[in-house]
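One structure is given below, encoded as structure tokens.
The values are calculated or read from the model by the stated rules, or taken from the named source; none is laboratory data. Quick caveat, the model's predicted, so the values are computed rather than measured. Cβ atoms come from the backbone with ideal geometry, glycine included; neighbour counts cover every protein chain shown. Protein only, heavy atoms only, side chains kept; ligands, DNA and RNA dropped before computing areas. Shrake-Rupley method; radii C 1.70, N 1.55, O 1.52, S 1.80 Å.
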Amino acid sequence: MTLYLLQAQAQGGSGMSMILMMVVLFAIMYFFMIRPQNKKQKEIEKFRSALSVGQDVVTIGGIYGTVRSIDEAENTVTLEVATGVKIKFAKSAINPLAEKK
């Protein structure tokens, strides 16, 4: 009978340590993966909402241009990529991480 109780206690402790390990693993994942990604996404949204006319930008496709107009209703940006050549892009196509040359 005591052997059975000892085995039950051992299994119960093992279950508790397994739950604790899962919580610790989730916390590590949150602080090293999820939280930084959310922070980066907020910075990207902040950059795109702060776009202004005359600003030099790069699209995610690698097209360099200057912002000529911003349409908040359609969430689009018109870029001038060469003299007299204007292209309309979605705001989400502007790459905040690219180096401007």
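What to note about this one:
- Residue satisfying all of: in the stretch 50-67; part of a strand (DSSP E or B) and more than 15 Å from SER92 (Cβ to Cβ); most open to solvent (accessible area, probe 1.4 Å) among these: TYR64
- Qualifying position, being assigned to a helix (DSSP H, G or I) and open to solvent by less than 80 Å² (accessible area, probe 1.4 Å), among ILE34, ILE70: ILE34
- Total residues in the stretch 38-49, condition open to solvent by 40 Å² or more (accessible area, probe 1.4 Å) and either more than 11 Å from LYS91 (Cα to Cα) or β-branched (Val, Ile, Thr) (or both): 7
- Some residue of the stretch 3-16 being aromatic (Phe, Trp, Tyr) and modelled with pLDDT of 90 or more: no
- Search result, residues across the stretch 73-86 that are open to solvent by less than 80 Å² (accessible area, probe 1.4 Å), of a type in the set (A, V, I, L, M) and more than 15 Å from GLN55 (Cβ to Cβ): ALA82, VAL85
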